[in-house]
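Below: the structure, in structure tokens.
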Amino acid sequence: MLPVTQLSRADSTSNPETLIIMSASPCPVSLETPPSLERRLWMRTRTCLEVFCQYKTGANEEVFVAGQVVNISRGGLRILSCQRTEPGTAFRIGIADGNDGLFTLLMARVVYIASAPGGQWFVGCTFTPKLREEILVWMQSIGKEE
């Protein structure tokens, strides 16, 4: 709440019981909720790309989870997965380079989890470090929607 700098009675032309409250701000104060701001630094691109995620549990057990990248940017990606992965989990994302059995590994961390249709989960991730532009372009080219 802004500090109040002056309280005064209304002038004689209006209701004498009305108080006028002036804030310390020179700008009018809006009581409406402001619209949510887009906080992403990079534009997201819709894609359809199969990946696997690998991470270790607290008991040091390796877990492999298959998923599908739904959208991607230099800052992160959203994966549709049948397994819930908790926020804060650091993991590797494997992306097949082609039919030769080779794949590229990227590092990421789960930022949020949201339920998806069919008992699946949307897993929002941030890349650690941020994705280089040439890798993003490559991923977008192999994950084009059909």
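The values are calculated or read from the model by the stated rules, or taken from the named source; none is laboratory data. What you are looking at is a predicted structure, and each value in this text was computed from that prediction instead of being measured. Note that we place each Cβ from the backbone using ideal geometry, even for glycine, and neighbour counts take in every protein chain shown.
Does GLY88 meet the test of being touching a strand residue (DSSP E or B) at 6+ places or on another chain (Cβ under 8 Å), at pLDDT 80 or above and at positive phi?
Here the answer is yes, as GLY88 does meet what is asked.
Which condition number in (1) at pLDDT 85 or above; (2) more than 24 Å from GLU62 (Cα to Cα) is the one that ILE113 fails?
Only one criterion is unmet by ILE113, namely (2).
Is there a residue in segment 62-74 that is among the acidic types (Asp, Glu), at pLDDT 90 or above and surrounded by fewer than 18 Cβ atoms within 10 Å (Cβ to Cβ)?
Looking through segment 62-74, at least one residue is among the acidic types (Asp, Glu), at pLDDT 90 or above and surrounded by fewer than 18 Cβ atoms within 10 Å (Cβ to Cβ).
Can you name the number of the only condition in (1) at pLDDT below 90; (2) buried (at least 17 other Cβ atoms within 10 Å of the Cβ) that GLY98 fails?
With (1) at pLDDT below 90; (2) buried (at least 17 other Cβ atoms within 10 Å of the Cβ) applied to GLY98, the lone miss is (2).
Output the qualifying pairs, or none if there are none: Cβ atoms under 9 angstrom, residues six or more apart or on different chains, first residue in segment 48-62 and free of Cβ contacts under 8 Å to residues at least 40 places away in the same chain and under 16 Å from THR85 (Cβ atoms), second residue surrounded by 10 or more Cβ atoms within 10 Å (Cβ to Cβ) and not hydrophobic (A, V, I, L, M, F, W, C).
TYR55/THR85; TYR55/THR89; TYR55/ARG92; GLU62/GLN54; GLU62/TYR55; GLU62/LYS56
Looking only at strands (runs of 3 or more DSSP E) that fall completely inside segment 82-139, which ones have 3 or more residues that are free of Cβ contacts under 8 Å to residues at least 40 places away in the same chain?
90-96, 103-116
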